[in-house]
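Here is the structure we will look at, set down as structure tokens.
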Amino acid sequence: PIDFFALIGDFASLFASQEGNEVTKRFLRLFKFLRLLKVIRLLRLMKILDKILEASLSPAIRMTTQVMQMVFATVLTIHIVCCLWIFEGRHGPTDTGKLWLEEFQQAQILCEDCSGYTEWYIYMVSFHWTAAQVTLGSTDVMPVNTFERLITIACLIMGLLFGASIVAFLSAQIVEVFVTRMDKMQTLDDVRRFLRQTKVHPALAIRVTKTVRERLLEEHTLGEDDVDGLSLLSKKLRSELAFQIRRPHVLRHALFRLWAQIDEVSLEELCREAVEFQFLFPRDVLFRPAQAAEQIYYVVAGQLQYSQEPETSRILAQREEDVMQGSWIAEAALWSKWQHVGKLEAVNECQIMVITLDGILKVLEVDSELRRAVSHATRNYGQNFFTRLIGLKPPTPWPSDVSVSFADSPDLMAPDVSRGLLKRFQRRLAADKYDELAEEVNTGHCVLRENADGVLERVVFLVAFRIEDKDKGTTLTQLGFLGEDGRLRRSSRLELPGTKRSRDEPTDEARARVLSNLSILAKYIQVESFEEVVWLENSAKYDVSTQYRRAEHHATLLTDMRSLDKAMQVAAHVAKPRKCFTKKNSANASFISKTALFHSTSKSFKKLDVLDLQQDIPMAYVIPKHEGREVVFYGWLSDKTRNRILDDNEGVLENYLESLVYQEQNPKPCFRI
């Protein structure tokens, strides 16, 4: 409505400026006052600004900003009344035949007519008069008719109320700041008196006093116990409030998202019975080694540092790592008898969500059909977690409070969870893709999950070995394979030696399967470390966001490269490119032309060709699989060579692989050795 009437004022001003009847013009000028309604929009802006300030600034800055807002509102009000007062002095009604502007001009000695005054001077005289009425001050402008006196009386009354409001506001703000400071000083005095009475050593007393003073001056996050007004709420309303606050953080865990899908009431009871918040200041310790743990933690805000010592955990040297916002801590405490194996200390002010084991058990004690389903899903998850926990052994890192390898994996859920998600998202998948994805889920080759944003994700598990020759800076990479149908195919991504792991297959078994596929090469490597690499990309086959979780084992050679090549030659697992397969007689010799050089997508100036690849990979390992006639080709690649191959789109790698293989009227593939 405000915008509508303001628009009417704009149209009235437009028509009044055009030629026409003088009476009509005067009537339309009256609508110009509607344009003042635009000022009311500033009130909306001030309300929005107040909400932003309340949420982001300290009390002192908020008070200063509120005072500035009040000053701005006062000046704006004076400006509006000032303009109205000038209009009254020129065109206003009068019962005495006089107007204040005419009388003011006649009363001046230096100038007898209006032509001696500028518009700016008249505005300042009117502004001075308005400010005097609001602040109950004096002025040399006097009303000369009844209407002007009514305006003056209204301004005086408004000034009286406004002045009292200003004084009351400033007094309240000053008293609030003074009382808050006095409370803090009283708290600090109590600490000092306590330290004197207990005869604490002066060095420790100074540290305690300094810490208390710093924390009293800091603006910290309020907890529910710090807000006295929440005690006035009913039990039901406070439960709804707690659920609204805790729910987004609880749903960051896959198990509790499953709770919400099965029974929302269970999740609400969990938030009420088992979840609470804890606030830490810098250098506060959340837990120490050897303490029994019966609760898990989630970092809502802030940063912590986790440290381990060889005396309290299975590590060889002291280790530290940062724990960032969004991390789950000590989850093993829910599914095992766990003791902390490190110290967790706050780096800055932190908000920690705590979920207790007793609270979870209390929620699961309720006997109902839905609650039994929640209990079954929780028991299955806990059993799988415990199996993973006790099955960890080198080269997999020992579990800690902040990291348990494979413990956040979606395959901890029961297979029914993936099938249920597939049915829920069936409408979003094409029929043929749905059938293929269902087959993959049923055979355990992938797992489905719903992420924190409610998006369906396909999860694929991989096990791979990163075997490096540190002397030459190369990594053993899969170049391609020869299928049972006799077709030669390149490895599109130049993957590491590895395999897919099915849902129910232990990682150790998949690791042993990869080593078995590497044949005698496995005897010459040593696994030194392990890490889990996770990345997300869209699957072109299913058009579904896919998360790949690769258990990557870092390994080094136990012997030098020459000895390894010799051993592979003895085992007939080596292939060398044919000498005659060069640039001159290659069918693809055109890729070294000048035109190709200028259109190269490679980062290097010289385009990759077969001869370059033969020089970079002078020998390839040819390892047949145990089952069938499939053969895999491996080569030692540097990062530069790998990037050049990935940038190539001329089929150079395929040509290189062809130089390794020939048939010679033999159904069994032969290799140049």
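The values are calculated or read from the model by the stated rules, or taken from the named source; none is laboratory data. All values reported here derive from a predicted model rather than from experimental measurement. Note that each Cβ is placed from the backbone with ideal geometry, even for glycine, and that neighbours are counted across all protein chains shown. Note: areas computed on protein heavy atoms with side chains; ligands, DNA, RNA excluded. Shrake-Rupley method; radii C 1.70, N 1.55, O 1.52, S 1.80 Å.
Using the structure shown, decide if A430 is in contact (Cβ under 8 Å) with a residue 24 or more places away in the chain, open to solvent by less than 30 Å² (accessible area, probe 1.4 Å) and either of a type in the set (A, V, I, L, M, F, W, C) or on the phi > 0 side of the Ramachandran plot (or both).
On the way: in contact (Cβ under 8 Å) with a residue 24 or more places away in the chain: yes; open to solvent by less than 30 Å² (accessible area, probe 1.4 Å): no; either of a type in the set (A, V, I, L, M, F, W, C) or on the phi > 0 side of the Ramachandran plot (or both): yes.
No; evaluated as a whole, the condition is false for this residue.
Scan the stretch 251-281 for residues that are aromatic (F, W, Y), outside any helix (DSSP H, G or I) and open to solvent by less than 60 Å² (accessible area, probe 1.4 Å) and jot them down. Steps first, answer last, please.
Residues of the stretch 251-281 that are aromatic (F, W, Y), as a first pass: 256, 259, 277, 279, 281.
Imposing the further condition that a residue be outside any helix (DSSP H, G or I) reduces the set to 277, 279, 281.
The answer is F277, F281.
For the stretch 165-172, indicate whether the set of residues that are open to solvent by 60 Å² or more (accessible area, probe 1.4 Å), touching a residue at least 60 places away in the same chain (Cβ under 8 Å) and of a type in the set (S, T, Y) is non-empty.
No, every residue in the stretch 165-172 fails to be open to solvent by 60 Å² or more (accessible area, probe 1.4 Å), touching a residue at least 60 places away in the same chain (Cβ under 8 Å) and of a type in the set (S, T, Y).
Just one of the numbered conditions (1) open to solvent by 40 Å² or more (accessible area, probe 1.4 Å); (2) in contact (Cβ under 8 Å) with a residue 60 or more places away in the chain; (3) in a loop (DSSP other than H, G, I, E, B) is not true of K199; which one?
K199 satisfies every listed condition except (2).
Scan D435, D401, D411 and give me the residue that is acidic (D, E) and in a loop (DSSP other than H, G, I, E, B).
On the way: D435 fails: in a loop (DSSP other than H, G, I, E, B); D411 fails: in a loop (DSSP other than H, G, I, E, B).
That would be D401, the only listed residue that is acidic (D, E) and in a loop (DSSP other than H, G, I, E, B).
Taking the criterion of being over 25 Å from T474 (Cβ atoms), in a loop (DSSP other than H, G, I, E, B), at pLDDT below 65 and of a type outside the set (F, W, Y), would at least one residue in the stretch 605-613 satisfy it?
The first filter runs over the stretch 605-613 and keeps only residues over 25 Å from T474 (Cβ atoms), leaving none.
Looking through the stretch 605-613, none of the residues is over 25 Å from T474 (Cβ atoms), in a loop (DSSP other than H, G, I, E, B), at pLDDT below 65 and of a type outside the set (F, W, Y).
With (1) of a type in the set (S, T, Y); (2) open to solvent by less than 70 Å² (accessible area, probe 1.4 Å); (3) not in a strand (DSSP E or B) as the list, and Y297 as the residue in question, which single condition is left unmet?
Result: Y297 fails condition (3) only.
Those residues that are open to solvent by 30 Å² or more (accessible area, probe 1.4 Å) and in contact with a Ser or Thr (Cβ under 7 Å, 6 or more places away or on another chain), I need them from the stretch 534-568; list them, please.
Once the filter is applied, which keeps residues that are open to solvent by 30 Å² or more (accessible area, probe 1.4 Å) and in contact with a Ser or Thr (Cβ under 7 Å, 6 or more places away or on another chain), the stretch 534-568 yields L536, E537, N538, H554.
Per-residue answers, yes or no, for (1) under 21 Å from A301 (Cα atoms); (2) open to solvent by less than 90 Å² (accessible area, probe 1.4 Å); (3) not in a helix (DSSP H, G or I):
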residue	(1), (2), (3)
R181	no, no, no
R192	no, yes, no
R213	no, no, no
L241	yes, yes, no
H249	yes, yes, no
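Looking at this structure, is E276 acidic (D, E), modelled with pLDDT of 90 or more and over 19 Å from D226 (Cβ atoms)? I'd like the intermediate steps shown before the answer.
On the way: acidic (D, E): yes; modelled with pLDDT of 90 or more: yes; over 19 Å from D226 (Cβ atoms): no.
Against the criterion (acidic (D, E), modelled with pLDDT of 90 or more and over 19 Å from D226 (Cβ atoms)), E276 does not qualify.
Determine, yes or no, whether E218 is open to solvent by 70 Å² or more (accessible area, probe 1.4 Å), of a type in the set (D, E) and in contact with a helix residue (DSSP H, G or I) (Cβ under 9 Å, 6 or more places away or on another chain).
Numbers: open to solvent by 70 Å² or more (accessible area, probe 1.4 Å): yes; of a type in the set (D, E): yes; in contact with a helix residue (DSSP H, G or I) (Cβ under 9 Å, 6 or more places away or on another chain): no.
Taking the combined requirement at face value, the residue does not satisfy it.
Take F530 and decide whether it is crowded, with 16+ Cβ neighbours inside 10 Å and under 26 Å from N655 (Cβ atoms). Please lay out each step first, then the result.
On the way: crowded, with 16+ Cβ neighbours inside 10 Å: yes; under 26 Å from N655 (Cβ atoms): no.
Judged against the criteria, F530 is not a match.
Just one of (1) surrounded by fewer than 16 Cβ atoms within 10 Å (Cβ to Cβ); (2) farther than 30 Å from R181 by Cα trips up L233, so point out which.
Condition (2) is where L233 drops out.
Just one of (1) in contact with a Gly (Cβ under 6 Å, 6 or more places away or on another chain); (2) touching a residue at least 24 places away in the same chain (Cβ under 8 Å) trips up R489, so point out which.
(2)
Filter the stretch 444-484 down to the residues that are under 17 Å from T546 (Cβ atoms) and among the basic types (K, R), then identify the one that is surrounded by the most Cβ atoms within 10 Å (Cβ to Cβ).
For the stretch 444-484, the residue satisfying everything is R458.
In the stretch 381-392, is there at least one residue being aromatic (F, W, Y) and free of Cβ contacts under 8 Å to residues at least 40 places away in the same chain? Write out each step before concluding.
So the first thing to find is which residues in the stretch 381-392 are aromatic (F, W, Y), and the list is 381, 385-386.
The next check asks that each one be free of Cβ contacts under 8 Å to residues at least 40 places away in the same chain; those that pass are none.
No, that holds for no residue.
Please pick out the residue among Q351, Q303, Q291, Q308 that is modelled with pLDDT of 90 or more and open to solvent by 70 Å² or more (accessible area, probe 1.4 Å). Step through it out loud before you land on a result.
Working: Q351 fails: open to solvent by 70 Å² or more (accessible area, probe 1.4 Å); Q303 fails: open to solvent by 70 Å² or more (accessible area, probe 1.4 Å); Q308 fails: open to solvent by 70 Å² or more (accessible area, probe 1.4 Å).
Result: Q291 is the single residue among Q351, Q303, Q291, Q308 that is modelled with pLDDT of 90 or more and open to solvent by 70 Å² or more (accessible area, probe 1.4 Å).
Against the conditions (1) part of a loop (DSSP other than H, G, I, E, B); (2) modelled with pLDDT of 75 or more, where does E654 fall short? Just the number, please.
Of (1) part of a loop (DSSP other than H, G, I, E, B); (2) modelled with pLDDT of 75 or more, only one is false for E654: (1).
In the stretch 67-82, which residues are without any contact (Cβ under 8 Å) to a residue 40 or more places away in the chain and open to solvent by less than 60 Å² (accessible area, probe 1.4 Å)? Break it down stepwise before answering.
So in the stretch 67-82, the residues without any contact (Cβ under 8 Å) to a residue 40 or more places away in the chain come out as 68-69, 71-73, 75-76.
Residues satisfying the conditions are Q69, A73, L76.
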